[in-house]
1. What per residue convex hull volume, in Å³, do the alpha-carbon atoms of segment A:170-242 yield?
2. After finding the eigenvalues of the alpha carbon gyration tensor for chain A, what semi-axes result from the square roots of 5 times each, listed largest first in whole Å?
3. Over 17 Å, how big is the tail of the calculated P(r) for segment B:220-309, in percent of all Cα pairs?
4. Can you give the accessible area of residue B:328, probe radius 1.4 Å, in Å² rounded to 10?
5. Convex hull over the alpha-carbon atoms of the protein assembly as shown: what's its volume per residue in Å³?
6. Please state the equivalent ellipsoid semi-axes for segment B:88-171: what are the square roots of 5 times the Cα gyration tensor eigenvalues, largest first, in whole Å?
7. Could you tell me, in Å, what Rg and Dmax come out for the Cα atoms of segment A:184-343?
8. Over the Cα atoms of chain B, how large are the radius of gyration and the largest Cα-Cα distance (Dmax), in Å?
Amino acid sequence: MRNPLLSLALIASLWGVSASAFEIEDRQWVGPENARALTVISTTDFDILAPLMESFLRNRPGVAVDYVVASSSELMKAIADEGQTFDVALSSAMDLQTKLANDGFTRPHQSSATALIPGWGEWRNHVFAFSQEPASMVVSATALTEAEMPRTRQALITLLREQPDRFRGRIGTYDVSLSGLGYLFATQDARTSETYWRLMELMGGLDLQLYCCSGAMIEQVADGEIFVAYNVLGSYARARADLADRIVVIDPEDYTHLMMRSAILLNDAAQPELAEAFVDHLITAAWSNPPAPEYPFRHPLGAPGPSESARRPIQLGPGLLVYQDREKRKRFLGEWVSALRQE
Amino acid sequence: MTRRAHVSGSIRRRLLLQLLGSAALLAAILFVTVLGFVRDVAEESHDSILFASATSIMDSIAVNAGEVSVDLPYAALSMLGNVSDDRVFYRVSRAGEVLTGYSDLPAGEATVRAGQPVFETLDYKGETIRMVTSSRRLSLNGAPTDIEVSVAQTQNGQAAILARLSRSALYLGIGFFVLSSALAIWSAQSSVRPLKSLAQAVSRRGPKDLRPVSRPVPSEMAPLVSSLNTFIDRLGVSLTRSEDFIAEAAHRVRTPLATVRTQAEITLRRVEKEENRGSLREMIRAIDETSRASGQLLDHAMVSFRTDSLERVDIDLAELARELVERLRPVADLKDIDLHFANSGTPRMSGDAILIQNAVRNILDNAIKYSPPERQVHIRVSGDGAQARVSIEDEAGGFGTTDTHALTERFVRGENTQGVVGSGLGLTIAREVAEAHGGTLTIETSKSGAGACVTLCFPSH
């Protein structure tokens, strides 16, 4: 785990500029040693997907999974810039997965498993969603009373405005310049409502803490270091049964973006058949009804609903490429930094 | 008698083939036209959405603090995702310098002018892309500068749509062809229907029906029908003429001959000198021979004429034969010949009574003529439902060694005919009548061996 407190100066460093090799957060080997290894690069914590990997290996003696965990932007760097070879990439950053597929780093796949996925759950037989997880607020159960719990962004804004001194240095969110998922949530927020910029300006004036990952934010809230974490992966927070009495996970009632974790099959895979089998295994676990018992995410996955519904699944498609545009990203990060710097 | 027509081709088949051929050609043209049309429409709509995307990107370009800034609108690319799941590429450049997007996107060959987008199909990253490039002039620090925006998309979705539309066009073409074929068969059938019904009407006619064809026919058939009518008319005239001729000839020949014979007999009684009487007897014999021959010639002509257009009526063969026997009995009595008539069964048949009568009379005549005096002639009629038979057995000594078949040829006579008046046409007439009715004539030596047995055999119906 990296240091959760990051200076604003880092924001200026843009994705892809760094020349160093990509940064590995965690590396796990599942299965017998010296076995044929399926290499997976993923943004998902090992513990969450470990049961699915074990069920995958159960009927495959002599096969192992080499599971590499990296942040979504490091994943992008490894594949797009450094040309690292992996068989499968799993990522929560839908825009980066889409960009990899659009720019020709992936290969198509069709099977009886992919036929289970509805049209909105995949893109051109290249990107396959296997979970749907909300961008939630995680609030300290001890620091805030039940009545104070912000159910909407507007309620959070009101709370922060009324008691700025109480929350100064006690609020956190993703560092969007470092986290691909944070960037995705932030851009979708900005696209959906102006409230996002007001919230950012307000938080910027209250010594906003920036984090690389959801896990760190959840633990900080549980420890009482911060009171409110904004745009945290709700699925991770709900999965922490050990912290359940110390945190409250809120899906904002004005709108809640739903991210889809997705798998892509990479070109130049060393184990192409194994990679397809693994992706099929993930898809079958996720989209079957009922899902596999070891499937760790919420089920069922919901289609993009009517716009008046609070749940807003982020749609796969070329629209996601827009915020990956160099100029667009520079402009967005510039606005984000200036919003946070404002008093 | 019906002769088979010489057949070459069929109007119906030719018409059908021509109609089917043109239907197939039209269906193919329809398919190609529709396909070309949908291809154009599909490409046009794809182009227009690419252009809309490029335009929305172009609108987001502004000059801020002496810098060209691009704020890619979300809809610019998401609208392309709504059309198909195709890869999307774009590039924004100023005077050849790429501001943002895919810098390795190929540059089109055509030069882009402001306000006139250029659409091109190019290869990029191993795939075929459709690319639109539009250009706009901005003022940057007081100087004009050209901004170019290109938006491109792969064409997999387009190809899928086209494949689906091509299938529809194919089904349309096939459907058109099937429908046209059904109509072609129907129209080919109905075009030849008047011909068929005319042919049926003409062949249904009775043998004596020589009225002109008066049923209405299509104008194309009018020349044929009027020629046919002329032909029928001529045939009628010609037939009338032959009938007239036969009647006229019978009258003109027989009557004078009878007169001459009477005169010769009267003269014979007056003449006493033996050598003159001999000459006169020879003369009477010759007159008899001529009279009989002319009678049989006329009979033969009449038979030929009547068998050409056989008119059938119901005939009781027994009744017919009995009548003849009674009529010839006086002649037989002159030679003390006994005529024995016997009938068993009901020998009914259908045919031309005059012809049958003629045939039986000729055979009976022969039997009486060639029999020596005081002999027997047996006439037996029989019928069993399937056949009607009449056989005449004499004691005239038979035909000897002469080929019995040759006897029925015209002008051939048997070996025992010396000294008897005859023309050699009697059996010929009998055989022709039998054959015209689908029957047979058989000549055998009688059971007793004393003469011949001639049998006429007719099918009952």
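The values are calculated or read from the model by the stated rules, or taken from the named source; none is laboratory data. None of the values given here were measured: they were computed from a predicted structure. Positions of Cβ are generated from backbone atoms using ideal geometry, with glycine treated the same way; all protein chains shown enter the neighbour counts. We work out accessible area using only protein heavy atoms, side chains counted, and drop any ligands, DNA or RNA first. Shrake-Rupley method; radii C 1.70, N 1.55, O 1.52, S 1.80 Å.
1. Numbers: hull volume 6.0 nm³, N = 73.
In segment A:170-242, the Cα convex hull volume per residue is 82 Å³.
2. Working: eigenvalues 220, 92, 75 Å².
Ellipsoid semi-axes (Å, largest first): 33, 21, 19.
3. Details: 2558 of 4005 pairs.
Distances greater than 17 Å cover 64 percent of the Cα pairs.
4. Near enough 20 Å² of accessible area.
5. Values: hull volume 272.6 nm³, N = 804.
Taking only Cα atoms, the protein assembly as shown has a hull volume of 339 Å³ per residue.
6. Details: eigenvalues 208, 38, 16 Å².
In descending order, the three semi-axes are 32, 14, 9 Å.
7. 18.4, 55
8. Cα-based Rg and Dmax for chain B come out at 51.3, 169 Å.
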